[in-house]
Amino acid sequence: MNTLPIIEIDGRRLYYTFIAGAKNILAHQNYLNKINVFPVNDGDTGSNMATTIQPVIESIHPHRSYKITADLIAETIIANARGNSGIIFAQFLYGISKESGNHSSITIPQFAEIIRNSIPYMYEAVANPIEGTMLTVIREWSEFIYIHREIITDFNQLFIRSQDCLVKSLAATKTKLLVLSKANVIDSGANAFVLFIEGIINFIHSNNIRSLLHSKTEALILPSNNEHIQQEVKFRFCTEGILKNLAVDQKILSQILQKYGDSVVIGGNEKTKHIHVHTNHPADLFQQLKDICLVTFNKADDMLRQSDAIFKRKFKIALVTDSTCDLPQELMDLYQVNMVPININFGESHYLDKITIQPNQFYSLLEKHSDSPKTSQINEKAFVNLYTQLSAYYDSIIAIHLTDKFSGTFFNSQKAARSVYNESNKPITVINSNNLSGALGLIILRAAQAIEAGNSHDEIVTMVLTWVKNTYIFVSVKTLKYMVRGGRVSQFKGIVAKLLNINPIVSMDQNGASYVFGKTYSQQSNMEKVMQHLGSICEGREIWNYIVLHAQNTAAAAWYANKMKAYTGKEPLAVVNISPVIGANAGIGSAAIALMFK
């Protein structure tokens, strides 16, 4: 090794050092996913760390000043941190940024002080710090650096000689945590930090900045759950959120999060907090949080469904849909249906349909807000993520989505399916239901039962295409106010309809476009008109099943249920509070029947 001693680090050297460490994590992210068993074995540590550090590589440019570069790295990491380990690592870097003073360059003693003073930022972020994790390895590494701050005068040698300390600390994680010992693995988050420092050491040995900057980082390898040891899923959702304008201190925020679950981590800075918690009730959590802050982003990964795919999968074919599918959760769980939520925004507040906001909570907000909520389609990356996971454990995948006339979700799912198929060679068929809500729910249920019956992938796809044509929904709208708000009906038409007390009946045509099936002068009249219409279209056909739906209108739902029971001789499959994404336009008070013919 022919490298000159480095006695001070400026902003450019800090940048190159970080990039070297980050690229080594990216190169090993699949391995980190595979050994991830703590705090839960959801196989995503590598992916989360990759998501956390990748934006620095893509968007940051080095500045001569150490302080400015440290701030840029910390700000970027905090904004993009994901997962338990990602947020802890971000807090460590935030600590480095905060403790760096205004130095344009730093010496080893200064660096040692900064590193040591950054450790509390990590520990304070974690509600219940556990030793034998990333926390321990970073702390013990910082202690080595501090002890040797006056002994070693070359940064290169300081990092190289710290490797033995890291290796020992990492190996010890297996003995400090029982779950790691049982699985015979080291802690994944701790290993990510060791890989980060080893990447820096590799850069020191090569001393080739050009090669470092032009080397290609591997594409993100998505979560790949391991099968080391089955764990009880105590809390279903791995939940994260970005909070702004927080009205309480971190201690109170931590107490709120701990009330809802475990694995609580609070990262971020004075302006923005990034929370992480495992919980069974993400919607209730975010309902409480909205009263003390602005939630600008949230996510909630279904760890129960992930665990089922590894250890308890019932079928060889995975079934996927989106959150406009109105089917009771018990049936979704019974058939292990994978549901991807559509995004909903009330102003700057962000929610995930049916995950971080439930229908009754949504309609309460809808009634209070003067502005219409905005919905956005599920992006391609979310589907790539899911299909990559499922293709590791299932023989094939069938996805059925809401009509492409209402959302680009179907097309994004299609693109993701093609991408994952090219990698996995597992069949993935994406079907446009030309429908939504309870109608989509009936199609999903029948497909699930066909999977359960042992039908082949191709047989089910053929049957689904037939069921799509035999499925209908009729929505009795109580008021056009919400359609006017959302821009689907002009204000002029809304005023006229209100003056004349016109209540439309909305349905879906065979191409998946909505149309006004009829108009009456009261909701009761248009509900009766729906029943009359059913009498004509049902002639010579038998109803396989039906679902009654409503938007906070249990009286109308009960009326429909009684009429349909008298007509068909059987109870509705379910009475469901209609999906927020659909209810945002249909409006409070709407009621509907969805049915499928045999």
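No value in this document is a laboratory result; all are computed from the given coordinates. Treat the numbers as computed from the prediction; the structure is a model and nothing was measured. All Cβ positions, glycine included, derive from the backbone under ideal geometry; neighbour counts span all protein chains shown.
Tabulated results
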item	result
Cubic angstrom per residue, convex hull over Cα atoms of the range 8-214	105 Å³
Ranked by how many other beta carbons lie within 10 Å on average, peptides 456-463, 438-445 from highest	438-445, 456-463
Pairs beyond 31 Å (Cα-Cα), from LYS374/LYS570; LYS259/LYS426; LYS271/LYS354; LYS368/LYS469; LYS316/LYS381	LYS374/LYS570; LYS259/LYS426; LYS368/LYS469
5 angstrom amide H check on SER396, placed H, neighbours 5+ away	ALA318
Sites PHE411 and LEU4, calculated FRET efficiency, Cβ-Cβ separation with R0 45 Å, nearest 0.05	0.25
The chain: angle of helix 66-80 to the longest principal axis, Cα-based, in degrees nearest 10	30 degrees
Per-residue [θ]222 nm for the chain (sum of -39500 (n - 2.57) over DSSP H runs n ≥ 4, rounded to 500)	-16000 deg cm²/dmol
Options PHE315, LEU334, PRO359, ranked by Cα towards positive dipole end of the range 296-371, top entry (Cβ charges)	PHE315
Residue order, fewest to most beta carbons within 10 Å, for SER522, SER162, SER47, SER370	SER370, SER522, SER162, SER47
ARG210, ARG305 arranged by Cβ crowding within 10 Å, fewest neighbours leading	ARG210, ARG305
Label selected from (1) 1.01; (2) 1.04; (3) 1.21, the criterion being Rg/Rh (Cα atoms, Kirkwood Rh) as computed here	(2)
Assigned charges on the beta-carbon of Lys, Arg, Asp, Glu; the chain dipole about Cα centre (debye)	1240 debye
Residue (of PHE144, ASN577, PHE597) at the positive-pole extreme of the chain, dipole from beta-carbon charges	PHE597
Degrees separating the helix 359-368 axis from the principal Cα axis of the chain, which is the longest one	90 degrees
Sequence of HIS401, HIS61 once ranked by neighbouring C-beta atoms within 10 Å, starting from the fewest	HIS61, HIS401
Amide H partners (placed H, <5 Å) of ASP326, local residues excluded	SER437, GLY438, LEU440, GLY441
³J(HN,Hα), Karplus 6.51/-1.76/1.60, whole Hz, each residue of the range 194-201, x for Gly, Pro	4, 4, 4, 5, 5, x, 5, 5
For the range 290-411: rounded, prolate or oblate by the Cα gyration tensor [a/c cutoff 1.5]	prolate
Extended-chain gain in nm, criterion 0.36 nm per residue less alpha-carbon gap, GLU124 and PHE315	64.4 nm
Packing-based ranking, highest mean first, of 309-316, 380-387, 274-281 given that Cβ atoms within 10 Å are counted	274-281, 380-387, 309-316
FRET efficiency, 1/(1 + (r/R0)^6) with R0 56 Å, evaluated for ALA566 and GLU58 via beta carbons	0.35
Efficiency of FRET between GLN449 and PHE297 - r from beta-carbon atoms, R0 25 angstrom, step 0.05	0.10
Using alpha-carbon coordinates, inclination of helix 11-27 to the longest axis of the chain, degrees	60 degrees
